[in-house]
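A quick write-up on the structure given underneath.
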Amino acid sequence: MQPLDIGVMLGVGENPRESLKKVRDLGVPTAQMGCPPQKYLAGEGRAELKRMIDESVVEITTVFCGFSGESYADIPTVRRTVGLVPKNTRAERVEKTKAIVDFANDIDVANVAAHIGFIYDDPADPDYPELVKVVQGICDYCAKNGQNFCLETGQEKAEVLLRFINHVNRPNLKVNFDPANMILYGSGEPIAALKLLGGYVAGVHCKDGTWPTEENLLGHEEPLGKGQVGIDRFIATLKEIGYEGPLTIEREIGGEQQVADIKAAIELLDSLKGK
Ligand code: MG
């Protein structure tokens, strides 16, 4: 992979060969992989998916965790259902995370990423030390294979995320920086956040969006360059901080419009990369 190679967020779905072909057809060399269906995480299914990835010659740069029961419908629902913060599902999701780490290792991918949920604003929350311990455990599990665990940005302010990273205190705890999420969740201006978290950024999502206009609702995702991130400043800042990972386009809609928006995003990023 070359620094700032373009990629896309790949949903594996029920037909991985077809999904990988879509990435190839877009002409991009890299992809981040959404959480594969359970049947591909171990055993023969894992070997089969590994073969398909090898044949596709798409370089997978990150595998994302996903958990059953998660919903991004609105902010209170995200708070209740997403990631490792909700206590009632934590133990099973830690086990699933480890299975994804093993899967990623088997397909030679060094980064595993997740939305872990809204990290507590207040480190005095009684559950805060336990959450720190859980993420330390996952980082240590990743470390034995030389892998990183990456926290997707957006659900909390960058200052809260940075404090949490410092408390976890593991060298392989990194950030997958999604500038649109900072806006969609109303968590703070993304360029300032990127500068603050710069040293920890191991992956990015090139995604755009507009600020929320109603309490408890997320803002609106938009095609790259059409929202309020300021993609030109985003790319310029990535260069400033010395980021050399891939530029992974994430467009969270489906169908033909998604393909059209991704193609436009590739063109936009190609033009900004050279500046
Ligand atoms: Mg994202």
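Loop-located GluC sites (Glu not before Pro) in the stretch 11-118 (DSSP state not H, G, I, E or B) with no more than 11 neighbouring Cβ atoms inside 10 Å: GLU14. The H on the amide N of VAL175, modeled in the peptide plane, is under 5 Å from the matching H of LEU151, VAL201, ALA202, GLY203, each at least 5 residues off or on a different chain.
Karplus-based coupling profile of the stretch 63-78, in residue order and whole Hz: 10, 8, 7, x, 10, 5, x, 7, 9, 9, 4, 7, 5, x, 5, 4, with θ = phi - 60° in 6.51 cos²θ - 1.76 cosθ + 1.60 and x standing for Gly or Pro.
Residues whose amide H lies under 5 Å from that of TYR185, counting only those 5 or more places away or on a different chain, are GLY219; hydrogens are built 1.01 Å from N in the peptide plane. Its DSSP H runs of at least 4 residues, each contributing -39,500 (n - 2.57), put the calculated 222 nm mean residue ellipticity of the chain at -13500 deg cm²/dmol, to the nearest 500. Separation of the stretch 8-36 and the stretch 156-185, taken as the distance between their Cα centroids, equals 26 angstrom.
In order along the stretch 129-137, the Karplus-derived 3J(HN,Hα) couplings, from 6.51 cos²θ - 1.76 cosθ + 1.60 at θ = phi - 60°, round to x, 5, 5, 4, 5, 4, 6, 4, x Hz, and Gly and Pro are given as x. In a reduced charge model with +1 at each Lys and Arg Cβ and -1 at each Asp and Glu Cβ, the chain shows a dipole moment near 500 debye about its Cα centre.
Here the stretch 141-275 was treated as a single set of alpha-carbon atoms; its pair distances binned every 5 Å from 0 give 2, 10, 20, 22, 19, 14, 9, 4, 0 percent. Annotation for the stretch 223-275: GluC sites (Glu not before Pro) lying in DSSP loop with at most 15 further Cβ atoms inside 10 Å of their Cβ are GLU244, GLU252. By the count of other C-beta atoms within 10 Å, a proxy for reagent exposure, CYS65, CYS35 are ordered fewest to most as CYS35, CYS65.
The H on the amide N of THR61, modeled in the peptide plane, is under 5 Å from the matching H of ALA31, GLN32, MET33, each at least 5 residues off or on a different chain. What does the net charge come to around LYS50 if you take all other residues with beta carbon closer than 11 Å to its beta carbon, with K and R at +1 and D and E at -1? Surrounding charge for LYS50 is -4. The alpha-carbon atoms of the chain define a convex hull whose volume equals 120 cubic angstrom per residue. Footprinting exposure proxy ranking of ILE165, ILE100, fewest other C-beta atoms within 10 angstrom first, gives ILE165, ILE100.
Every read-out reported here was derived from the displayed coordinates using simple, explicitly stated rules and does not represent laboratory data. Please read all numbers here as calculations on a predicted model, not as lab measurements. Cβ atoms come from the backbone with ideal geometry, glycine included; neighbour counts cover every protein chain shown.
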